[in-house]
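Just below is one structure, and these are the notes that go with it.
The values are calculated or read from the model by the stated rules, or taken from the named source; none is laboratory data. The structure presented is a predicted model; accordingly, all values stated were derived computationally and were not measured. Cβ: placed from backbone, ideal geometry, glycine included. Neighbour counts: every protein chain shown. Heads up: the accessible areas ignore ligands, DNA and RNA and are worked out on the full protein's heavy atoms, side chains in. Shrake-Rupley method; radii C 1.70, N 1.55, O 1.52, S 1.80 Å.
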Amino acid sequence: MTSLHDLLFSDLENILVADGLRPIHAQSLWRAIHRQSASNLADHPTFLPPLARWVKSELLPGNRFFLEAPLTITDTASSDGFTRKLLLQLADGQTVETVLMAYVGRSTACVSTQVGCAMGCVFCATGQMGFKRHLRSAEIVAQVLKVEHILRSQNSTSLRNLVLMGMGEPLHNYDAVLKALEILTDHRGIGLTPSRITISTVGVVPGILRLAEDPHPYNLAVSLHSADPQERANLVPASRRWPLPDLINACQTYATRTKRRIFFEWTLIAGVNDSPKHAEAVATLLSGLPAHVNLIPLNPTNGFTGSATATPAAREFQRVLHQAKLPSTIRQRRGIDVAAGCGQLRTLHEKIPLPQSKASASPNLLSNPPLPSR
Ligand code: SAH
Ligand code: SF4
């Protein structure tokens, strides 16, 4: 069985035409799936009779196609009301996290690309749970449609930004991720702007080099955390496979080819990577690159004893970067009260049995608060 959300528009059109329908039917089916987030296609009011018949026969249980329909297991808002975090259950029972950050006029979705992660970063809740499986393109697309549906139900403007910073390593699941982005940027569907999409990687060098050749202007964020190879390997085991000098070379290639600035993520861990000397080292490492550094105080996790850098030390770190003419932003730990760190909600929820029925509520985490008005 194939998920209809896994198909590019051209795939869908070819299938329908091969089944004796016309391209106009593909357009109306695509619109229903991607613009209207229709969860039930039977008796859809805009379908002409041949398409309605096709849907009725092909989407029967056990037939060729199905609709991706992740269940909302929990839906929790942060106390400031701006961050909303969903735990979604996929068709095989696995769960992933999706976050909506809804600030006036600039809503952002943060989606997962894998269940768990193979990269093993020591401070990351997703790394601590290990790798379970890749997500299919459809499962990535469905997360975005879920968020868009929430925004629409709040009468908010459409989703503006997309970041691939949820659970998993996007460049370890390259083909499915890039196909999902192609579906999501198709103007006949949700039509996201490619330059408002950011792919975050731990530093999968072959993936960065492939991305450098991709015609779409997606943004690249590289999770660096240390400018010292040994220190970085202690935090990010994957850097033994793709060593720091190779990573910087790949970033150079990406920057030269795409003429785009690269974002570098730096999780600030007290006493580990947050001294002025660390700041000087990163400024030296990135000196030849069009770089912007995002400083993110650690979100504590059960599997890691480190703590977050305090604000004065984070400011001092930023001052050193500024002196070296390296632009940076200190990112707030938004939504920490909804376990908004990558992988933390699933970890928390694994301690609570999932409901057996197709419930959309959680035993104790659900609240369905309105988003702040825009
Ligand atoms: N695998 C990709 C994208 C998902 S992780 C990557 O590593 O870039 C998204 C971001 O969250 C990364 O920058 C990662 O370093 C950061 N992160 C993970 N766990 C964190 C934690 N406990 N506190 C702060 N940032 C964390
Ligand atoms: Fe994987 Fe990213 Fe977490 Fe590292 S930080 S374990 S790469 S999800």
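Things to note:
- Considering only residues in the stretch 58-81 that are assigned to a loop (DSSP other than H, G, I, E, B) and of a type in the set (D, E, K, R), the one that is farthest from the chain's Cα centre (by Cα) turns out to be ARG64.
- Conditions (1) away from ligand 1 (no atom under 16 Å from the Cβ); (2) over 30 Å from ALA270 (Cα atoms): number failed by PHE82: (2)
- Checked across the stretch 230-244, the condition of being within 24 Å of VAL115 (Cβ to Cβ), modelled with pLDDT of 95 or more and within 15 Å of the chain's Cα centre (by Cα) holds for no residue.
- Residue count for the stretch 110-136, restricted to those that are within 8 Å of ligand 1 (Cβ to nearest atom) and over 14 Å from VAL96 (Cβ atoms): 5.
- Some residue of the stretch 333-356 being over 26 Å from LEU71 (Cα atoms) and modelled with pLDDT under 90: yes
- Screening PRO170 against (1) within 16 Å of ligand 2 (Cβ to nearest atom); (2) open to solvent by 10 Å² or more (accessible area, probe 1.4 Å); (3) within 18 Å of the chain's Cα centre (by Cα) leaves a single unmet condition, (2).
- Considering the conditions (1) open to solvent by 30 Å² or more (accessible area, probe 1.4 Å); (2) away from ligand 2 (no atom under 16 Å from the Cβ), ARG240 is excluded by exactly one of them, (2).
- Residue satisfying condition, being closer than 25 Å to GLY191 by Cβ and open to solvent by 60 Å² or more (accessible area, probe 1.4 Å), within set PRO70, PRO45, PRO61: PRO45
- Of the residues in the stretch 271-290, at least one is at pLDDT below 95 and either away from ligand 2 (no atom under 16 Å from the Cβ) or farther than 24 Å from LEU164 by Cα (or both).
- Across the stretch 264-274, a minimum of one residue is classified as surrounded by fewer than 20 Cβ atoms within 10 Å (Cβ to Cβ) and under 22 Å from VAL99 (Cβ atoms).
- For the stretch 204-257, residues that are within 12 Å of ligand 1 (Cβ to nearest atom) and in a loop (DSSP other than H, G, I, E, B) total 5.
- Among the residues making up the stretch 35-53, a single one is assigned to a helix (DSSP H, G or I) and either closer than 20 Å to ALA69 by Cα or of a type in the set (Gly, Ala, Ser) (or both): ALA52.
- The requirement of being more than 16 Å from ligand 1 (Cβ to nearest atom), open to solvent by less than 20 Å² (accessible area, probe 1.4 Å), within 18 Å of LEU29 (Cα to Cα) and in a helix (DSSP H, G or I) is satisfied by LEU184.
- Any hit, the stretch 35-52, residues being of a type in the set (D, E, K, R) and at pLDDT below 95: yes
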